[in-house]
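Asks: Got a structure here, written out as structure tokens. Questions coming.
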Amino acid sequence: MNNTAASPMAAATSSSGRSAGRPVSFATELQSMMFSLGDARRPLHETAVLVEDVVHTQLVNLLQQAAEVSQLRGARVISAEDLLFLIRKDKKKLRRLLKYMFIRDYKSKIVKGIDEDDLLEDKLSGSSNTNKRQKIAQDFLTSIDQTGELLAMFEDEEIDDVKQERMERAERQTRIMDSVQYAEFCESRQLSFSKKASKFRDWLDCGSMEIKPNVIAMEILAYLAYETVAQLVDLALLVRQDMVTKAGDPFSHAISATFIQYYNSSESTAACGVEAHSDAIQPCHIREAVRRYGHKIGPLSPFTSAYRRNGMAFLAC
């Protein structure tokens, strides 16, 4: 498959120019999302703009590849099957996506007023009327799964360590909040790209695409966009933690060594600016997180991606 995806670091370094040419922006919403994911109560606007640029670049590249897959199978639209195909190799993220599709079906049933007994019966019978998203995923994975490991994910109840860590971090974050801060935190946790579907389509410029994503594909893209933001925050917090010299730890400086060269550079100083003392995630933390994620040097490489395409390490999948 021909791929012209650009490096995420290349996108990150040109964030200001790219954002200026894109009138639709999620920077304000991203600041709230980042707060709910572990950043400071007032995330830096500069960091949110950079996160937006990285997420936008990755989603556009993912859309381009999904369009290629759709075209190869002779379809007229980008559908859930195309996105499932692209992330099939990363079992953990595929498992999360399948769980998300189940939850979306479940919420649809609740909205339609279907009672609890019907929900259980539908799950056991695999009814296509009320389990539309699950049915699509199951039928497609059945068609490509020769070993049974993909279909086994529908029955997998394994605890997601990443999700667990995020919940524990949120719990620690709320311990020191007053009622006003907690209300703001809860409101921020409700934000998502899917709740602004029209704006999200414009943000990705779907109208200009020859092969456009359908409704369920847009749901998945919105989910993957949020997951990309969450992973950027996860990794940026690890980078920030690496910067702190730990008393009594002789390897503390060595752990932070990969960051020191970049952090001391003029580019990093300009990126962090006068806000370097803030508890908020800095642009330089995001840049370093993306650099580490895309830099494969062996089995001990920090943030090694599950798979790569011509040097482009996708954070969402």
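A short reminder: the numbers here are calculations on the coordinates, not readings from a lab. On a predicted model such as this, the values are computed, not experimentally measured, just so you know. Methodologically, a virtual Cβ is constructed for each residue, glycine included, from the backbone with ideal geometry; neighbour enumeration extends over all protein chains shown.
Asks: Figure the gain on full extension for S192 and Q146 (residue separation times 0.36 nm, minus the Cα-Cα span) and round it to one decimal in nm. Each step should come with its number before you reach the end.
Replies: Numbers: separation 46, 0.36 × 46 = 16.56 nm, distance 3.51 nm.
Roughly 13.0 nm would be gained on extension.
Asks: Report the local net charge at I144: Lys and Arg +1, Asp and Glu -1, summed over other residues whose C-beta lies under 10 Å from its C-beta.
Replies: On the way: positive: R88; negative: E81, D145.
Summing Lys and Arg as +1 and Asp and Glu as -1 gives -1.
Asks: Suppose each label sits 7 Å from its Cα in the direction of the beta carbon; what would the R42-V180 distance come out to in nanometres?
Replies: Output for this residue pair reads 1.2 nm.
Asks: Given points 7 Å out from each Cα along the Cα-Cβ axis, report the K107 to E210 separation in nanometres with one decimal.
Replies: 3.4 nm
Asks: I would also like to ask the following. Where does each of 51-60, 166-175 land if you order them by average Cβ count within 10 Å, highest first? Could the numbers behind the result be given before it?
Replies: On the way: 51-60: 23.1, 166-175: 12.3.
Peptide ranking by packing, descending: 51-60, 166-175.
Asks: Which order do the peptides 100-107, 138-145 take when ranked by the mean count of other beta-carbon atoms within 10 Å per residue, highest first?
Replies: Values: 100-107: 16.9, 138-145: 14.4.
By packing density, highest mean first, the sequence is 100-107, 138-145.
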